[in-house]
Amino acid sequence: MGRGQKLLHKCDWRSCVLAVLLLGSPAAPIFGQNAPRDPAEPMQGKPHPEILPRPSGPIARQDVDEKAMASLIHELVGCGTRISIASWTDPKRGPGCARDHILARFHQIAAESGGKLQVVVDKFEAESERTNGKPAPMENVYAILPGSDPKFEKTLFIVSGHMDSISSRWTDPVPDAPGADDDASGTAVSVECARLLSKLAVSGKSPFRATILFAVVSGEEQGLLGSKHLLEWTMQQGYTVGGMLDDDIVGADPAPGGPHRVRLFSGNGEIDDCDSPSRELARAIEEIDGSSAIRMIFRVDRYGRGGDHYYFYKAGLPAVRFTEPLENYTHQHQTPRVEYGVEYGDLEKYLDFHFMGDVARDNAEALRQLAMAPAPPREVRLKGAVTPDAKISWSAEDDPGRAGFEILWRETTEARWQIYDLVPGVGETTLKGVSTDNHFFAVRAVGKNGARSIAVPTEPAQRNTPTVVK
Ligand SMILES: [Zn+2]
């Protein structure tokens, strides 16, 4: 075992970051494209394009209103239970009480935004085993910040939490289910993102080209019913989902040594080579917020469990899930009680608002940059098998706000992309002396403002069918 390996085996994440930095020297390039004992690719060295800086004016951590998040969660917990099969008309207890508090907050933010933010209540019926096999009335609440660019106003970036909670008795509307962490925390993150980003939109400092939807859905605990409905709603409204950020159980960080990184789950789809759009969204978020904030986990969700990003992911859309670093199962889906000295229940006292504030900032900043970016390229193809050079082609609509396209590559065993080159227009580029076999490749669009689209990995160009390139 070499010095580096020893270091990496023993370290916690902070010293790992340090170790990776130390090891990122020419002698032992952890993220480098060629290990010293492999042939160099390309032989002459890769191009060294000028890398555009990311968009200016990132959201500052101190702009997050932790107190407002705490007070919304307190109101939601005060509804007793928010299970979606309880009353939607009782203002004091049940999901209707939760909806009213969320609506009041969204309306207040909308008023502060001078009416830029639009608030929608989406009512529907849904059925599953956990609605006792009967159609149950449900409601989602959306706040919509319309994009400023007519080309992108039908492109939608979503952040979502679920308003509903559940007790130990999954089909019983009667017991208390405070749901402070699951998922009043994600609800508070979605609402705080609405406040931060609509304020920015009004200031004109971050012109969002695409539309941003701040969702709070119901029926998650009945089988993802609200998010499934949200997906259908986006299609009915003619939106294209550019990215979906699900925040579910993002409120606590009790393990010693915190604050820790939030976990970001992404599935890989059914693609043989390379990656799904969800994986690319996860990478984009990690690049925006930094690997000291985001712990990417390459798995669709926690083992054997699910969440509101699931149907979006299954539809082939970019969708990921944020969850706290280490869950405490005595606090989840439990009727509050003490048994043999153990306290059960998803209570406010276990929340950590410093951690939750970090999560809100990281969601908001990711949405800010994604909504400022040009559209991802299309028809991204790789040719050049059985030749010395890789050839990558792509297409895209004209966009005066775009600076060009970054050609990305990485070792097949690496988690993250590196920039190979920056190319101004659409068409085909040849990576001279780079084998098609030894790396994965992708292309992403870069705005003149420095915002990047999510990456689009190459697909094989069809045999005997020339790729048509503008
Ligand atoms: Zn949940």
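Just so you know, all these numbers are worked out from the coordinates, no wet-lab data involved. Predicted model, so just to flag it, every value in this text is computed and none were measured. Please note: Cβ atoms are built from the backbone with ideal geometry, for glycine as well, and neighbour counts cover all protein chains shown.
Among the DSSP beta bridges whose two residues both lie in the chain, what percent are antiparallel, rounded to the nearest 5? Looking only at bridges with both residues in the chain, the antiparallel portion is about 65 percent.
Extension gain, LYS151 to GLU379, is 80.2 nm, computed as 0.36 nm per intervening residue step minus the present C-alpha separation. Computed from backbone phi with θ = phi - 60° and the Karplus coefficients 6.51, -1.76 and 1.60, the 3J(HN,Hα) list for the range 113-121 is 8, x, x, 5, 7, 9, 10, 10, 9 Hz; x is used for glycine and proline.
Given LYS92/LYS199; LYS151/LYS199; LYS134/LYS154, which pairs have Cα atoms separated by over 25 Å?
Where the Cα-Cα span goes over 25 Å, the pairs concerned are LYS92/LYS199; LYS134/LYS154.
The trypsin sites (Lys or Arg not before Pro) of the range 271-359 that DSSP puts in a loop, and whose beta carbon has at most 14 other beta carbons within 10 Å, are ARG299, ARG305. Restricting the range 69-142 to trypsin sites (Lys or Arg not before Pro) that sit in a DSSP loop and have at most 14 other Cβ atoms within 10 Å of their own Cβ leaves LYS92. Rounded to the nearest 10 degrees, what's the angle between the helix 225-236 long axis and the longest principal axis of the chain, both from Cα atoms, 0 to 90? Here the helix axis deviates by roughly 60 degrees. Rounded to the nearest 10 degrees, the angle from helix 277-289 to the longest Cα principal axis of the chain is 90 degrees.
Three principal axis extents of the chain based on alpha-carbon atoms, in descending order, are 70, 54, 43 Å.
Summing Cβ point charges (Lys, Arg +1; Asp, Glu -1) relative to the Cα centre of the range 313-470 gives a dipole of roughly 760 debye.
Here the dipole of the chain is about 1140 debye; that uses its Cα centre as origin and unit charges on the Cβ of Lys and Arg (positive) and Asp and Glu (negative).
Each part reduced to its alpha carbon centroid, the range 171-205 and the range 364-442 end up 35 Å apart.
Each pair of Cα atoms in the range 142-284 enters the Kirkwood radius, and Stokes-Einstein at 4 °C and 1.567 mPa s then converts it into a translational diffusion coefficient of 77 µm²/s.
With each label modelled as a point 7 angstrom along the Cα→C-beta vector, the TYR329-LYS123 pair spans 4.0 nm. What spacing in nm lies between the two simple spin-label points modelled at LYS314 and ARG416, each 7 Å away from Cα in the Cβ direction? The answer from the label model is 3.3 nm. For the range 127-210, the Kirkwood hydrodynamic radius comes to 15.5 Å, computed from all pairs of different C-alpha atoms. Backbone amide hydrogens, once placed in the peptide plane, bring GLY427 within less than 5 Å of TRP394, excluding anything fewer than 5 places away on its chain. Coupling constants for the range 342-354 follow from the phi torsions by the Karplus curve (6.51 cos²θ - 1.76 cosθ + 1.60, θ = phi - 60°), and in residue order they are 9, 8, 9, x, 8, 9, 4, 5, 8, 7, 10, 6, 5 Hz; glycine and proline get x. Coupling constants for the range 188-201 follow from the phi torsions by the Karplus curve (6.51 cos²θ - 1.76 cosθ + 1.60, θ = phi - 60°), and in residue order they are 5, 5, 4, 5, 5, 4, 4, 5, 5, 7, 6, 4, 5, 4 Hz; glycine and proline get x. Checking every one of the chymotrypsin sites (Phe, Trp or Tyr not before Pro) in the range 310-353 against DSSP loop status and a limit of 11 other Cβ atoms within 10 Å picks out TYR340.
How far, in nm, would the chain grow between ASP399 and VAL202 when pulled straight, counting 0.36 nm per residue and subtracting the alpha carbon separation?
Here the segment from ASP399 to VAL202 would lengthen by 68.5 nm.
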